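Written below as C-alpha cells is the structure these notes are about.
Every number here is computed from the coordinates shown, using simple stated rules; none is lab data. Because the structure is a prediction, the values reported are computed rather than measured. Note that we place each Cβ from the backbone using ideal geometry, even for glycine, and neighbour counts take in every protein chain shown.
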Amino acid sequence: MQRIEPRPEAQTSPAQGYGNGAEQQNGRGQAPVPTGFASTGANPHTQSFEEIYGVPENFLEIEVIDPQTHQPTASPSSRYTTYLIRLSTNIPAFKLRRSEVRRRYSDFEVFRDLLERESARVSIPPLPGKVYLNRFDDAVIEERRRGLERFLRIVAGHPLLQTGSRVLGGFVQGKFDRKQGAMIGSL
C-alpha cells in the first residue's frame, strides 16, 4: 500500500502580501512586493510589464490648457480669452491621433447648444457659469479652464457622442465657424 503525504496548506495573512498564498517570504521575513494580477476567473496570472505599462486598448487624453487673453482693438469690450484644447487618442472615431486647437468660451457655448440639439438621448453637462465681474482675473480664468476641461472630458469620453455626434470631432480637432455654428472638418 502506498502512502500519500498531504500537501502543506499555504496560509495567507496580510503580512504575506496579496495573491493566492503561494508566494514565499524573502530572507528578511517580509512578503515580496505584489505585482499586477489579472484574473479571468479560475486561472489568475501575473501580468507582464507590457500588460501593465503598455498602451491601453483605447485611450483618450484631453486637456484644456494655456489660456491667453486677446484684445484685438483698443476697445476694452473686445477682450476675450482663448484656451488650447490638446487631444491625444487612438479611438477610431477621431480623425487625428493628436491635435491642438484654440477655442474661446463662446465657442464652447455654441458647441454645447449644437450637441444638445443633435443628441436627444445624451444628457450634456453644463458649462462653467458666465462671469461678468473680474473675468480676466487669473483665478477666474483658471477656474473656468478647469470647468471647460471637465466638460470636454465628459463629452469627448461619452461613447454615444464619439460615434454619433457630427460636431464633436470638428470642435476638438477641426475648424470652427462661430458665426454659422457649423463645424468644418468634422467626423
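Other residues whose C-beta falls under 14 angstrom from the C-beta of Pro125 contribute a net charge of 0, scoring Lys and Arg +1 and Asp and Glu -1. Based on the alpha-carbon gyration tensor of the stretch 77-135 and its eigenvalue square roots a ≥ b ≥ c, which shape applies: rounded if a/c is under 1.5, prolate if not and a/b is larger than b/c, or oblate? Because a/c hits 1.5 or more and a/b fails to exceed b/c, the stretch 77-135 counts as oblate.
Extension gain for Arg79 to Arg117 (0.36 nm times residue separation, less C-alpha to C-alpha distance): 10.7 nm. Close amide H pairs (under 5 Å, H built 1.01 Å from N) link Arg102 with Ile85, residues at least 5 positions away or on another chain. Normalised by the number of residues in the stretch 79-141, the average gap of Cα pairs under 8 Å and 6 or more apart makes the relative contact order 24 percent.
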